[in-house]
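Student: Could you have a look at this structure, given as C-alpha cells, before my questions?
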Ligand code: 5GP
Ligand code: MN
C-alpha cells in the first residue's frame, strides 16, 4: 500500500465504524481467511464488524476461528442486506470485480460506504476508494498481514487471526510451493506461527479430512481424464449425474484440477464440472510456466484469475463446451509448445 492510501485508511478507521467485509462467491481458504482475520483485527480496534459471504463455503473451512458468525447472503438475505446498507466502510477481499459476488453485486453497487479493496488478482476494476492490489502477492492473506503491518499494528494479531491468515496463505500457495511464494511469504508465515498458528493442525483440518464421496469422485475424475500430449494439455470432466451418484458436497472436487499438471510434459490442466441447478459448466484452469490461463479464461470462458490459476464458466452443455474447448485449443498449439 502506498503512503497516501495508508493515510486514507488510517483516517477512515480513526473513529469506530460499522464495517462489512466481503469475500468472493464460492469463497476459498484465502477469501475466508483474509475476511476472518481482518474482522478480528478491526474488532480489536473497536469497530463493529460483520463478514458477509455471497454463498456457502466448503466444510473443510468451517473450523476456521470466527466462521460461526459469518452471514450467508443467500441464506440470511435480509440480515445481510441490512449489514451492507448500514456499513460506512466495506472491505472487498480476494476479488477484483464486483461481478465476482454474484447476486450480491447490485446490493454492493447501491451501498454508500467507502470501499477498500485488498486483492491479488489481475486487472482490478476501479470501484474502491482505496485499491490495495498487488498481483505478485501469494495470497490476499499475505496482503492483509502487510496491510496490518503498514498500519504498524501487527501486535494486535492474535492466535485466531494468525490461524486464519496462515490457512489462506497455505491454500493459495498449494502449501507454499507455487511461484508466488516468496521468501517474504515464508517470513510472514514464520511470524504467524510465532503468533500461535498451529501449522500441523491447520494442514490436517484442511487436507486430511477427506470424505468417502470426495475420494470416490476423485476416482471418477481421474478415470475421465483426457490427455492431449500434442497440446501439453489434460482435462477432466464431471457430470451432474456423476456428482449425484456419490453424494457430492461443496468442496469435494477442490484440487482435482491439479492432477493433470503432475503428468510429465503437461503444462495446461482443466476441470469441467456440471452444475445443473445453475445451468452452467464451472471450469477451473491451471498452468505451469508462462501460459496465461487468466487470459484464456477471460477471452473464451467469461472468467479470469491469475496467470497460473483461473476460473470461468460455460452456459452450454458439457458436450458443447468440450467441443468449443477443443476447437479453441487448436489455435493455441504453438503457444503451448513454446
Ligand atoms: P478456482 O478454479 O479455484 O475456482 O479459481 C482459480 C482462481 O481463479 C481463483 O483465484 C479464483 O478467485 C479465480 N476465479 C475463479 N472463477 C472465476 C471467475 O469466474 N472469474 C474470475 N475473474 N476469476 C475467477
Ligand atoms: Mn486468493
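Student: By how many degrees, 0 to 90 and rounded to 10, does the Cα axis of helix 77-86 deviate from the longest principal axis of the chain?
Tutor: Once rounded, the angle reads 50 degrees.
Student: Measure nothing but the geometry: give the 0 to 90° angle between the long axis through the Cα atoms of 318-330 and the longest principal axis through the Cα atoms of the chain, rounded to 10°.
Tutor: The answer is roughly 80 degrees.
Student: I've got another one for you. Given Cα pairs under 8 Å that are at least 6 residues apart, what percent is the relative contact order of region 212-336?
Tutor: 20 percent
Student: Post the alpha-carbon centroid distance, region 141-161 to region 68-127, in whole angstrom.
Tutor: Between the Cα centres of region 141-161 and region 68-127 lies a distance of 21 Å.
Student: For the chain, max minus min Cα coordinate along each principal axis, in Å, sorted largest first?
Tutor: Projected onto the principal axes, the Cα atoms of the chain cover 58, 42, 38 Å.
Student: Kindly express, to the nearest 10 degrees and within the range 0 to 90, the angle between helix 212-224's C-alpha long axis and the longest C-alpha principal axis of the chain.
Tutor: The two axes meet at around 40 degrees.
Student: Where the centroid of each part is defined by its Cα atoms, how far is region 193-229 from region 245-306 in Å?
Tutor: Answer, in whole Å: 15.
Student: Considering only DSSP beta bridges with both partners in the chain, what is the antiparallel share in %, to the nearest 5?
Tutor: If we restrict to bridges inside the chain, about 40 percent are antiparallel.
Student: Sum -39500 (n - 2.57) across every DSSP H segment of at least 4 residues in the chain, then divide by the residue count to get the 222 nm mean residue ellipticity, nearest 500.
Tutor: The helix-only estimate for the chain comes to -11500 deg cm²/dmol at 222 nm.
No value in this document is a laboratory result; all are computed from the given coordinates. A quick note: this is a predicted structure, and the numbers were derived from the prediction, not measured.
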